[in-house]
Amino acid sequence: MTNRQNKAFVWNYWHGMNRGREANSLPQTLHPNVVWHGFQPLRRLNGAGQVWSEFWQPLLNAIPDLTRRPYHFIGGEFEGSDWVAGTGDFVGTFARDWLGIPASGSSVHFRFGEFCKVQGRRIVEIRCILDLPDLMRQAGIDLLPPNYGRDIWIPGPLAGDGVLLEKQDPAESEKTLELVETMIFGGLNKYDQKDQDSQGLERFWHPDMVWHGPVGIGSACGLDEFKKNAQGPIVNAFPDRKGVGHQARIAEGHFAASTGWPSLVGTHRNEYMGWEPTEETIGWNIMDFWKRDGDLLLENWVMIDLIDAALESGVDLLAQLPSDE
C-alpha cells in the first residue's frame, strides 16, 4: 500500500477501537503474529489474540467510553519498512480498576504514543507507550515527585496542523528528517559531559521552542527552560547518555517521529527523581514527535516509559500501588 493508504488503514483502526465499536475487526487489522511492544507492566504481547485479551479488552473494560484524540499523525518508510506514528490523548471515564490502578469513577485524560508497522494490509508490529504515571496521578496515586518543568495538560501543535492525512511534499519531509537526525547525532550526542552548550542546540531549535515530556518531567517553554528543567536533570544523572539506534525514524512534511527500544542509553551516576545512582548502564524506551518551523525545530512531544526507566535504576514504582489484601 502507499503511505497515504497505510495512514488511512491505521487511522481507521485507531478510531474503530474508540469505545470498542469495531473490536471485532481486529483479526482483519492485526496480523495473527503481530508483536506488540509496550510499557510496564505490559512489556510484550505476541499475536492478535493476546493484544486483545491483555491490552484492549481490559482497557475497554476499565474505560468503556475510551476515545483516542490524536494531534500528531504521520507515515513514512524506515529501513525498508512502512510505519505510521502518532501521539495525542486517550480520554474517557475510569470506571473500573486497570493494571492494579484503582478506578477514580471520573473522567481521565492521559497521553499515548504509538508506532504501527504495516505490511501486506495488516499491522505486523506495534510500539506503544502510555503515560501511566499520569493516569495514576489522576486516580490519586503519585508515583513520581513533582515535575521538573511545567505541569500542564499537554497541547497539540500550536497551529493545530499535526494530523497529516493527505500527501506531503517529499522535499519538505526530507528537510525535516535531515534536521532531526543532525540535531540528535550532531548535537545531543556531542555533549561533552560538562557543559550543555557543547551540544550547540541553538543551531537546531527555535528560541521559543516548546517541549512536552511525561509526568515527572513536565513541559518547558523556550530553550533556556528546556536546558534547565527537561534536559538538565537527565544529563546530570546520566552524563554519558547517548541517543542510539531507532526501530523507526520517519518524517512527513514539517513533522517527524522516532522511537527506540531503547532510544537512550547511559550510566546512572547521579540522583534522578529520587532514584539513587547505581553506576550501571540504563536504557530508556522513548518516542519523540517533532515539528519543524523553517530551518529550526519548534515543538517536541516526548513519551518515556518512566516506570520501566525506574526499574532500570532498581526502583519498582508499581510496588507503590495499593495491595488487594
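The values are calculated or read from the model by the stated rules, or taken from the named source; none is laboratory data. For clarity, every value in this text was computed on a predicted model and none was experimentally measured. Quick reminder, even Gly has a Cβ in these numbers, built from the backbone with ideal geometry, and neighbours come from all protein chains shown.
Is it the case that the stretch 18-35 has a residue that's outside any helix (DSSP H, G or I) and under 21 Å from D131 (Cβ atoms)? No: the stretch 18-35 contains no residue that is outside any helix (DSSP H, G or I) and under 21 Å from D131 (Cβ atoms). Taking first residues from the stretch 190-206 that are under 15 Å from P233 (Cα atoms) and without any contact (Cβ under 8 Å) to a residue 60 or more places away in the chain and partners that are charged (D, E, K, R) and in a loop (DSSP other than H, G, I, E, B), the Cβ contacts under 8 Å between residues at least 6 apart in sequence or on separate chains come to Y191/R241; Q193/D240. When S258 is tested against (1) hydroxyl-bearing (S, T, Y); (2) crowded, with 22+ Cβ neighbours inside 10 Å; (3) farther than 24 Å from P157 by Cα, exactly one condition is not met: (3).
Yes/no per residue for (1) over 15 Å from the mean Cα position of the chain (by Cα); (2) part of a strand (DSSP E or B):
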{"residue": "F55", "(1), (2)": "yes, no"}
{"residue": "P70", "(1), (2)": "no, yes"}
{"residue": "E77", "(1), (2)": "yes, yes"}
{"residue": "D82", "(1), (2)": "yes, yes"}
{"residue": "V91", "(1), (2)": "yes, yes"}
{"residue": "R96", "(1), (2)": "yes, no"}
{"residue": "A103", "(1), (2)": "yes, no"}
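For the residues P157, P133, the requirement of being buried (at least 18 other Cβ atoms within 10 Å of the Cβ), modelled with pLDDT of 95 or more and closer than 26 Å to F238 by Cα singles out P133.
With respect to F255, determine if the residue is over 21 Å from Y191 (Cα atoms), outside the structural domain of W98 (by TED's automatic domain parsing) and of a type outside the set (V, I, T). Yes; evaluated as a whole, the condition is true for this residue.
Residue-by-condition table, conditions (1) surrounded by 16 or more Cβ atoms within 10 Å (Cβ to Cβ); (2) among the acidic types (D, E); (3) farther than 25 Å from W301 by Cα:
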{"site": "S25", "(1), (2), (3)": "no, no, yes"}
{"site": "Q28", "(1), (2), (3)": "no, no, yes"}
{"site": "I63", "(1), (2), (3)": "yes, no, no"}
{"site": "G76", "(1), (2), (3)": "yes, no, no"}
{"site": "D82", "(1), (2), (3)": "yes, yes, no"}
{"site": "G88", "(1), (2), (3)": "yes, no, no"}
{"site": "S107", "(1), (2), (3)": "no, no, no"}
